[in-house]
Amino acid sequence: MKHILYTILVALSLFIITSCISDDFTYSPNDVLSFSVDTVTFDTVITAQGTTTKQFVVYNKNKKQLNISSIKVGGVSDAKFYINVDGMKGREFHDIEVRGEDSIYVFVEGFINEQKADAPKEYNDYIEFETNGVTQKVVLNAWGQDVIRFVGDTIYTDTQLYAKRPYLVYDTLVVAPGVNLNLEAGTTLLFHKGGALKVYGTMTAVGTQDKPITLRGDRLDNVVSDIDFDIMSGQWGGVLFGEGSYNNHWEFVDMGGSEFGVQINSSNPSRETLYMLNCRLHNSSGSILTAWNAGVTAFGTELADAADGVVNLMGGKTHLAHCTIANYYLFKIVEEPLLNVFNIDGNYPEIKADIDNCIFYGLTSDINAGDLTGTEIYLRNCLLKSDGTDDYNFINIVWKGDPKFYTVRDKYIFDYRLKPESDAIARGDKSLTPDKARYDRYGQDRYAEAAPSIGAYVYVEPEEK
């Protein structure tokens, strides 16, 4: 009896399922397709190379099957778009069946020929679906950008790069000893996966507030929705200043998405290897700044978000003033402190460091050496997350401070300016503010404050809404 009852229940279940979803086709013009998007956007595409692959979903929300008699690219654009349906790539497909209350994926990629132009150009096309005599379209949109390519090149003579169009670096771009590479304000260097810049001569990169110089990976699209690919670390190598390189000068340089950030190798810390003013170095799958026995100066500079220690000083002479050293790295649990100094045990060259009006804050500890007694490492008027007391090396410190950044890690917002309740407001020492650091990266005047804000950014009262 139980066996008979079980058989009846199974048969009844199968009847219900098959009655809900029919293998019959509907030919009514009222039964058409639905789409997960109305526009597939490729953002900015580098010309003369393929795009990334985008996808969207085509739904049949009817109970009966639909036969898509035609899926094809409109072909109204100079850009060449290709689609992949059921594992086949092409520009036109016929008689694609979609079961009732089911869906299929359509993958899209494209290629834009070089335009022989500096400015980006917009391209629009569409994918046309014809079902039951009804035509529906999904729009395709892309912007094509020409670039100037470096492929494993070495620069042997003084060279000027211009802002008129981006440069794309494959492999490693090398600046030979004794050679100066100069970047005009507004210049952009894009680096393909594995690309890097190695400077054995001199690099001069002086941008402005309105025309910063950009060093980043070559993925110009979004990761998802409106989240820029710039949040992804490890897209390219980084910048190495080799031994013998000195007098490198950066202003308003925005560098992000690298593997090892900026690495400096030197045997002569008495001469300055790298000077940075109002720069932003962020988002590395290694460290942001590593200096070996080098002369390094950074004013008004943001050094933020790394899988390892943000700043590593292995001997040398360093001066940091009004810098924000922060770490809210996305892709792993960070264990290294914000600042690593390596001469405490005597295994590294002697280090001299003056660190003034700086913020150290984030998801990890401040500094690897809690006791700096006997060293020439001085932190003055800095904000630290940790608790402690002032001594000969820690002077006028804001202990257990909270800068109250506008950063919201879970929403991919990395903004290290100060909220009104910040402990960094008016806690700096104006006598420790260099004249060159008077204005921050946003043009705000530190001298206008009775006492300057600690960190890279001047506090600004939010506008009333």
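The values are calculated or read from the model by the stated rules, or taken from the named source; none is laboratory data. These numbers come from a predicted model, not from an experiment. Methodologically, a virtual Cβ is constructed for each residue, glycine included, from the backbone with ideal geometry; neighbour enumeration extends over all protein chains shown. Surface areas here come from the heavy atoms of the whole protein model, side chains and all, with no ligands, DNA or RNA. Shrake-Rupley method; radii C 1.70, N 1.55, O 1.52, S 1.80 Å.
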| Quick one: residue 163 ticks every box in (1) out of contact with any Leu (no Cβ under 7 Å at 6 or more places or on another chain); (2) part of a strand (DSSP E or B); (3) within 30 Å of residue 42 (Cβ to Cβ) bar one, so which box is it? | (2)
| task | Could you tell me whether any residue of region 321-340 is in contact with a Ser or Thr (Cβ under 7 Å, 6 or more places away or on another chain) and farther than 29 Å from residue 231 by Cβ? | result | no
| said: Could you go through region 381-390 and let me know if any residue there is of a type in the set (Val, Ile, Thr), part of a strand (DSSP E or B) and either at pLDDT 90 or above or exposed (fewer than 15 other Cβ atoms within 10 Å of the Cβ) (or both). | reply: no
| query | Restricting the search to region 121-146, which residues are crowded, with 19+ Cβ neighbours inside 10 Å and under 18 Å from residue 78 (Cβ atoms)? | reply | 123, 125, 126, 127, 140, 142, 144, 145, 146
| Quick check, is residue 233 buried (at least 23 other Cβ atoms within 10 Å of the Cβ) and not in a strand (DSSP E or B)? | yes
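Please find, among 400, 411, 430, the residue that is surrounded by fewer than 15 Cβ atoms within 10 Å (Cβ to Cβ) and modelled with pLDDT under 95.
411
Matching residues to (1) within 20 Å of residue 172 (Cα to Cα); (2) not hydroxyl-bearing (Ser, Thr, Tyr):
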{"residue": "240", "(1), (2)": "yes, yes"}
{"residue": "245", "(1), (2)": "yes, no"}
{"residue": "251", "(1), (2)": "no, yes"}
{"residue": "258", "(1), (2)": "yes, no"}
{"residue": "261", "(1), (2)": "yes, yes"}
{"residue": "271", "(1), (2)": "no, yes"}
{"residue": "275", "(1), (2)": "no, no"}
{"residue": "281", "(1), (2)": "yes, yes"}
| query | Name the residues in region 175-195 that are of a type in the set (Gly, Ala, Ser), within 25 Å of the chain's Cα centre (by Cα) and open to solvent by 10 Å² or more (accessible area, probe 1.4 Å), would you? | reply | 185, 186, 194
| request: Considering every residue within region 330-353, establish whether at least one is buried (at least 24 other Cβ atoms within 10 Å of the Cβ), under 22 Å from the mean Cα position of the chain (by Cα) and part of a strand (DSSP E or B). | output: yes
| field | First in region 154-178 and in contact (Cβ under 8 Å) with a residue 40 or more places away in the chain, second anywhere and part of a loop (DSSP other than H, G, I, E, B) and among the charged types (D, E, K, R), Cβ under 7 Å, 6 or more apart | value | 163/184; 163/211; 164/118; 165/118; 165/146; 168/218
| request: Would you be able to tell me the number of residues in region 276-315 that are over 17 Å from residue 369 (Cβ atoms), among the aliphatic types (A, V, I, L, M), assigned to a strand (DSSP E or B) and open to solvent by less than 10 Å² (accessible area, probe 1.4 Å)? | output: 9
| Among (1) hydroxyl-bearing (Ser, Thr, Tyr); (2) modelled with pLDDT under 95; (3) within 30 Å of the chain's Cα centre (by Cα) - the single one residue 373 does not satisfy | (3)
| query | Would you pick out the residues in region 236-269 that are open to solvent by 10 Å² or more (accessible area, probe 1.4 Å), on the phi > 0 side of the Ramachandran plot and either in contact with a Gly (Cβ under 8 Å, 6 or more places away or on another chain) or of a type in the set (A, V, I, L, M) (or both)? | reply | 252
